[in-house]
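Read the structure below first, then the notes.
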Amino acid sequence: MLKAFKYRLYPTKEQQEYFSKCFGCVRFLYNQMLANRIELYEAYKHDKELLKANKPRTYTSFKKDFPFLKEVDNLALANAQLNLNKAYKKYFKEGSGFPKFKSKKRSRKSYTTNNQGGNIRIEGNAIKLPKIGFVKVRQHRLFDGLIKSCTISQTPTGKYYVSVLVEMEDVEWIPAKNKIGIDLGLTDFAVTTNDDGISEKHPNPRHLRKAEKQLKKAQRALSRKKIGSRNREKARLALAKKHEKVANQRKDFLHKLTDRITSENQVIVIETLKTSNLLKNRKLSKSIADAGWHEFIRQLEYKSAWRGRTVIKADQWYASTQLCSHCGSNGGKKPLDVRTWICAECGTVHDRDINASRNLLKLAN
Ligand SMILES: [Zn+2]
């Protein structure tokens with residue numbers, strides 16, 4: 001099983017320069033290779049045989065044209081080629097958009113390198129990386145396993161991180177003991193019911209909502225500044241800092257919640273998100289994006305894999321909000337503002353979200 005660990009890096013001035021050279025070279029190479037592929041396609045698109053015969057250039061051939069590429073990690077360049085291949089595969093097989101050129105301003109600053117014969121390792125409070133040697137790292141969680149690869153990145157506010165991908169032993173599957181159903185909502189972030197019959201509401205943290213208001217303010221401030229002005233650059237940095245803060249706070253909230261759920265329960269039932277439908281409703285879309293449901297489910301799934309838990313995703317047509325969890329009769333669709341309802345069959349008074357989580361819990365059996 002592969003597991004990723006992310007740590008803050010504290011590079012020296014020279015190391016920072018090296019990293020920014022790597023980010024730049026990887027972006028440059030990616031764009032060169034993409035341009036080459038487009039060129040080939042344009043030249044031979046009318047003749048399939050010729051198109052097949054004229055293979056795109058490899059990253060090694062670009063190193064001959066652009067000697068400065070030799071100054072950075074060769075594996076980082078190889079990974080740029082792999083990333084482009086992946087982007088093409090996604091375009092052809094999964095219907096994603098056509099690969100885009102990476103812009104200097106907007107694209108993520110990162111590069112990936114691989115562990116080959118111990119060229120990446122952690123010693124004390126430093127990580128050894130190919131071509132550059134030891135870089136100071138803050139390692140808060142230790143791991144026991146083989147390092148496969150590392151991705152070094154820089155945030156828009158200038159912080160450096162390394163994400164270390166580690167091969168770890170598989171966890172033994174743990175039989176069901178405690179079960180939980182989780183309903184995701186807008187009023188509360190999540191409402192849960194476990195098989196002891198205990199329901200809990202997990203509201204969106206208030207500080208997060210406050211921070212999001214500040215974010216909107218910073219966004220407006222930026223849009224008022226003149227393009228290319230120094231004040232705009234200042235406002236851009238201020239906005240990036242707020243974004244980073246909100247993203248970190250949200251992740252922190254989600255990590256605490258998913259840590260608790262996956263440590264207390266062996267079987268976890270969640271709904272399947274139908275975001276494509278929901279996003280059509282523009283009012284809802286902002287809240288959904290902010291609510292971080294996808295991140296929540298992502299964390300639940302990988303932490304469950306680590307801990308040998310089972311995650312069950314309810315069928316997307318399962319009417320968890322419509323069914324009465326007491327007698328099973330279908331009370332029909334309810335607008336979002338209906339928070340409580342009474343079952344016409346058995347007379348049970350339901351809290352909308354608790355009832356939904358009870359229905360989801362039923363799928364654990
Ligand atoms: Zn009922």
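Filter segment 45-77 for residues that are over 20 Å from Gln16 (Cβ atoms) and among the acidic types (Asp, Glu) and give the result.
Answer for segment 45-77, where residues must be over 20 Å from Gln16 (Cβ atoms) and among the acidic types (Asp, Glu): Asp47, Glu49, Asp65.
Have a look at Lys13, Lys64 and point out the one that is modelled with pLDDT under 95, loosely packed, with under 14 Cβ neighbours inside 10 Å and farther than 20 Å from Lys148 by Cβ.
Lys64
Restricting attention to segment 154-183, which residues are among the acidic types (Asp, Glu) and either under 28 Å from Val246 (Cα atoms) or at pLDDT 95 or above (or both)?
Asp183
What pairs come out if I take residues in segment 29-42 that are closer than 17 Å to Asp73 by Cβ and pair them with residues that are among the charged types (D, E, K, R) whose C-beta lies under 6 Å away, six or more apart or interchain?
Tyr30/Lys102
Does any residue of segment 356-364 turn out to be in contact with a helix residue (DSSP H, G or I) (Cβ under 7 Å, 6 or more places away or on another chain) and under 30 Å from Val171 (Cα atoms)?
Scanning segment 356-364 turns up no residue that is in contact with a helix residue (DSSP H, G or I) (Cβ under 7 Å, 6 or more places away or on another chain) and under 30 Å from Val171 (Cα atoms).
Inside segment 337-355, can you point out the residues that are part of a helix (DSSP H, G or I) and in contact with a Gly (Cβ under 7 Å, 6 or more places away or on another chain)?
Asp353
Return the residues of segment 44-81 that are free of Cβ contacts under 8 Å to residues at least 12 places away in the same chain, more than 32 Å from the chain's Cα centre (by Cα), farther than 18 Å from Pro99 by Cβ and assigned to a helix (DSSP H, G or I); say none if nothing qualifies.
Those that are free of Cβ contacts under 8 Å to residues at least 12 places away in the same chain, more than 32 Å from the chain's Cα centre (by Cα), farther than 18 Å from Pro99 by Cβ and assigned to a helix (DSSP H, G or I): Tyr44, Lys48, Glu49, Leu50, Lys52, Ala53, Ser61, Lys64, Asp65, Pro67.
Could you grab me the full set of residues in segment 109-124 that are surrounded by 12 or more Cβ atoms within 10 Å (Cβ to Cβ) and in a loop (DSSP other than H, G, I, E, B)?
Answer for segment 109-124, where residues must be surrounded by 12 or more Cβ atoms within 10 Å (Cβ to Cβ) and in a loop (DSSP other than H, G, I, E, B): Asn115, Asn119, Ile120.
From the list Leu186, Leu254, Leu222, which residue is within 23 Å of the chain's Cα centre (by Cα) and at pLDDT below 90?
Every option except Leu186 fails the conditions.
If only one of Lys104, Lys86, Lys21, Lys90 is open to solvent by 40 Å² or more (accessible area, probe 1.4 Å), part of a helix (DSSP H, G or I) and either closer than 25 Å to Glu233 by Cβ or in contact with a Pro (Cβ under 6 Å, 6 or more places away or on another chain) (or both), which one is it?
After ruling out the rest, the residue left standing is Lys21.
Hey, does segment 41-56 have a residue that's at pLDDT 95 or above and open to solvent by 70 Å² or more (accessible area, probe 1.4 Å)?
no
Out of all the residues in segment 67-79, is one or more open to solvent by less than 80 Å² (accessible area, probe 1.4 Å) and among the aromatic types (Phe, Trp, Tyr)?
no
Which one of these does Lys303 not meet: (1) basic (Lys, Arg); (2) at pLDDT 90 or above; (3) assigned to a loop (DSSP other than H, G, I, E, B)?
(3)
Can you report the number of residues in segment 333-360 which are of a type in the set (A, V, I, L, M), away from the ligand (no atom under 16 Å from the Cβ) and open to solvent by less than 40 Å² (accessible area, probe 1.4 Å)?
Total meeting the criteria: 1.
Of the numbered conditions (1) in a strand (DSSP E or B); (2) among the polar types (S, T, N, Q); (3) touching a helix residue (DSSP H, G or I) at 6+ places or on another chain (Cβ under 7 Å), Ser153 satisfies every one except a single condition; which is it?
Only one criterion in (1) in a strand (DSSP E or B); (2) among the polar types (S, T, N, Q); (3) touching a helix residue (DSSP H, G or I) at 6+ places or on another chain (Cβ under 7 Å) is unmet by Ser153, namely (3).
For segment 198-208, state whether one or more residues are polar (S, T, N, Q), surrounded by 15 or more Cβ atoms within 10 Å (Cβ to Cβ) and either outside any strand (DSSP E or B) or at pLDDT 90 or above (or both).
Scanning segment 198-208, I find at least one residue that is polar (S, T, N, Q), surrounded by 15 or more Cβ atoms within 10 Å (Cβ to Cβ) and either outside any strand (DSSP E or B) or at pLDDT 90 or above (or both), so the answer is yes.
Kindly indicate the residue of segment 313-332 that is more than 16 Å from the ligand (Cβ to nearest atom) and surrounded by 14 or more Cβ atoms within 10 Å (Cβ to Cβ) and also farthest from Glu172 (Cα to Cα) among those meeting that condition.
Tyr318
The values are calculated or read from the model by the stated rules, or taken from the named source; none is laboratory data. This structure is a prediction, so every number in the text was calculated from the model and none was measured. A quick note on method: Cβ atoms are made from the backbone with ideal geometry, for glycine too, and the neighbour counts reach across all protein chains shown. Side chains are part of the model used for accessible areas, which takes the heavy atoms of the whole protein and leaves out ligands, DNA and RNA. Shrake-Rupley method; radii C 1.70, N 1.55, O 1.52, S 1.80 Å.
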